[in-house]
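Inspection log for the structure reproduced underneath, given as structure tokens.
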Amino acid sequence: MIANRSRVFGRTLAMPLKRAPIMRAPIRAPVRSYATGPVAGAETPVAGKKSALRTLGKWTWRAALYGTLLGAGYISYSLYRESNPSKQKPQSDHFANGSKRKTIIILGSGWGSISLLKNLDTNIYNVIVVSPRNYFLFTPLLPSTPVGRVELKSIIEPVRYIARRTTGEVLYYEAEATDIDPVTKTVKVKSNSQKNDYELDLNYDYLVVGVGAQPTTFGIPGVYENSSFLKEISDAQEIRIKIMRNIEKAASLAPNDEERKRLLSFVVVGGGPTGVEFAAELRDYVDQDLQKWMPELSKEIKITLVEALPNILNMFDKKLVNYAQDLFRQEKIDLRLKTMVKKVDSTKITAKCEESTESIPYGVLVWATGNAPRDVCKGLMDKLPEKQNSKRGLLINSKMQLLGAEDSIFAVGDCTFYPGLFPTAQVAHQEGEYLAKVFKKLHKVDQFEYMASKNNQTNENISDLTNKINNLKAQIEDFQYNHHGALAYIGSEQAIADLAVGEAKYRLAGSFTFLFWKYAYLAMCLSFKNRILVAMDWTKAYFLGRDTSA
Ligand code: FAD
Ligand code: NAD
């Protein structure tokens, strides 16, 4: 049998080489059928259909081939461009016409600041970026990292790379802004590296504050000491280590030991999207991976989500919220709604639920109850007490100008508070893009002002330049936020989407929405390298399981 099969196989392979003209004959079948008379009438439509199908097949195949080649070419070119930036124009004090080149200092390397940097014309300003975090972090996929569905390195992009890809030179200080003086237009920065500590005073013409926010604890005692936040890479690493340690420690105890039960109780406080997505990822890890390697222990793991309000995910449509809550109950995530945490000890949280007070023991506690302003912003607000009187963030106007320092300070993203704008990546990203356009217009205004200030101008010229300046200033429109919708992963390969396309609203939930979620986040990744790494991580986790080595 084996010999036979290999003979046939061998002949098939040899044929096209030796008898190529005969092999082509079937393609001409319709022509031959005309020549054979009566049969032709019966066979022509079938043959014609076949030939049409074959042509369609051929073109589809070609289209797929060319599409793949084009796609591969585009990806290769993009990767090449990303990793081989072209030469940058150096910074300078003045332009060729003698006018001063202004300095923009951008604080932060998050969604708002990096979106501005990517879109800013760095040939017309001296741009300085100051951020203690030397990379951009793609936060939407951060909840997938503690349990190893996505690797941390796949969702970051170094600031130096982003800065190097702009057309004009950009300076970067890996440092924290500690104080902003709106009168002298100075920022005090302090490096946070242990070896090369330095402090500097940097002068700016324009300052963009994009320092984000810090996790809020609402002053609840014990939160800082005992829980982990989920905002930075270091938080994700800390959570992973705590989970893995607890699992190993619990494995060394007898099955009915109370301590084992506590160690395997994972509690998430805050039913916003951060808490929900993390609880969902954790449940997936336990059900899809851990149960293969530690089947008995995995059954003992308890995941609890504590939320003060009657529902989780309050920014989503009610139907989607119910869908998510039902799935959580099915997946055995213990939902504690209307339960407000009041105190955190090293082994338990104390919460108020309606009229009663309860104690919930935990082994790992993740705290995700939203944002609070950073110290540098509080310091800035204190310097402008008449205009900055909100506890929620820097107050800005509709042009992103800081109230009280409109001529020189702008603020974007989570560090700001403006009614109707939520602290999301989507908002911060659009604000960054908007500011880049504003700075382009401000540069033109500066140029006309410089011309008008020259001694050799006639009155007519000055009035013409003044008109131009006023027109340009009037052209700086208010920021218009374009809400595309909200997405959240809810576990078991399901997601919810509250989408807005123009005036229309679409609400989706389920496995197909999860594919859309994946597609949307891949498209949003900052670089092609990130896209490829994230796609590879998902594939790896699907086929080989999550890598949770701590
Ligand atoms: P950030 O992105 O937080 O960046 C702040 C930057 O400022 C950082 O680089 C920081 O190091 C730097 N910085 C801090 N202090 C200083 C200082 N003193 N001086 C200089 N620099 C400083 N939003 C969505 O729209 N969709 C999502 O799916 C989504 N998922 C999220 C998941 C998680 C886990 C989290 C935590 C948030 C998520 N968000 C999401 C919200 C989104 O990440 C934020 O709204 C967004 O990051 C805000 O951007 P930002 O630029 O204001 O601040
Ligand atoms: P959040 O502010 O959206 O939610 C925090 C939740 O914690 C609230 O529901 C609040 O009621 C609850 N809470 C507060 N104090 C509590 C207490 N003592 N006990 C129990 N519950 C308490 O916070 P977040 O999830 O960290 O999100 C922060 C921002 O980032 C939001 O604007 C959010 O939209 C955005 N984000 C978006 C996504 C997404 O679009 N997929 C994902 C993550 C974060």
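The values are calculated or read from the model by the stated rules, or taken from the named source; none is laboratory data. Just so it is clear, the model here is predicted, and its values are computed rather than measured. Methodologically, a virtual Cβ is constructed for each residue, glycine included, from the backbone with ideal geometry; neighbour enumeration extends over all protein chains shown. For accessibility, only protein heavy atoms count, side chains too; no ligands or nucleic acids. Shrake-Rupley method; radii C 1.70, N 1.55, O 1.52, S 1.80 Å.
Of the residues that make up the range 270-292, is at least one over 27 Å from residue 151 (Cα atoms) and open to solvent by less than 50 Å² (accessible area, probe 1.4 Å)? No: zero hits.
Give 393, 363 a once-over and let me know the one that is in contact with a Cys (Cβ under 7 Å, 6 or more places away or on another chain) and surrounded by 15 or more Cβ atoms within 10 Å (Cβ to Cβ). Answer to the selection: 393.
Looking for something away from ligand 1 (no atom under 16 Å from the Cβ), part of a strand (DSSP E or B) and under 18 Å from residue 370 (Cα atoms) - is there at least one such residue anywhere in the range 309-321?
no
Mind checking whether some residue in the range 314-334 is within 16 Å of ligand 2 (Cβ to nearest atom), more than 27 Å from the chain's Cα centre (by Cα) and surrounded by 14 or more Cβ atoms within 10 Å (Cβ to Cβ)? So far as the range 314-334 goes, yes, one or more of its residues are within 16 Å of ligand 2 (Cβ to nearest atom), more than 27 Å from the chain's Cα centre (by Cα) and surrounded by 14 or more Cβ atoms within 10 Å (Cβ to Cβ).
Can residue 536 be described as within 16 Å of ligand 2 (Cβ to nearest atom), under 21 Å from the mean Cα position of the chain (by Cα), open to solvent by 70 Å² or more (accessible area, probe 1.4 Å) and aliphatic (A, V, I, L, M)? No: the conditions fail for residue 536.
Quick check on my filter: what residues within the range 264-283 are away from ligand 1 (no atom under 16 Å from the Cβ) and in a helix (DSSP H, G or I)? Passing the criteria: only 283.
So, residue 259, is that one closer than 19 Å to residue 361 by Cα and within 16 Å of ligand 2 (Cβ to nearest atom) or not? So residue 259 fails the test.
Inside the range 292-329, residues that are without any contact (Cβ under 8 Å) to a residue 12 or more places away in the chain and over 16 Å from residue 265 (Cα atoms) make up a count of 7. Does residue 338 qualify as being within 15 Å of ligand 2 (Cβ to nearest atom), on the phi > 0 side of the Ramachandran plot and open to solvent by 60 Å² or more (accessible area, probe 1.4 Å)? It is true that residue 338 is within 15 Å of ligand 2 (Cβ to nearest atom), on the phi > 0 side of the Ramachandran plot and open to solvent by 60 Å² or more (accessible area, probe 1.4 Å).
Conditions tested, residue by residue: (1) modelled with pLDDT under 95; (2) acidic (Asp, Glu); (3) open to solvent by 20 Å² or more (accessible area, probe 1.4 Å).
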position	(1), (2), (3)
448	yes, no, yes
454	yes, no, yes
473	yes, no, yes
491	no, no, no
509	no, no, yes
550	yes, no, yes
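Filtering the range 135-162 to residues that are farther than 23 Å from residue 550 by Cα and touching a residue at least 40 places away in the same chain (Cβ under 8 Å) leaves 159, 161, 162.
If you go through the range 368-394 and pick out every residue that is in a strand (DSSP E or B) and touching a helix residue (DSSP H, G or I) at 6+ places or on another chain (Cβ under 8 Å), you end up with 2. Within the range 71-92, the set of residues being more than 17 Å from residue 158 (Cα to Cα), outside any helix (DSSP H, G or I) and open to solvent by less than 70 Å² (accessible area, probe 1.4 Å) comprises 88, 91, 92. Evaluating residue 542 against the criteria (1) closer than 30 Å to residue 238 by Cβ; (2) part of a loop (DSSP other than H, G, I, E, B); (3) among the hydroxyl-bearing types (Ser, Thr, Tyr) leaves one unmet condition, (2).
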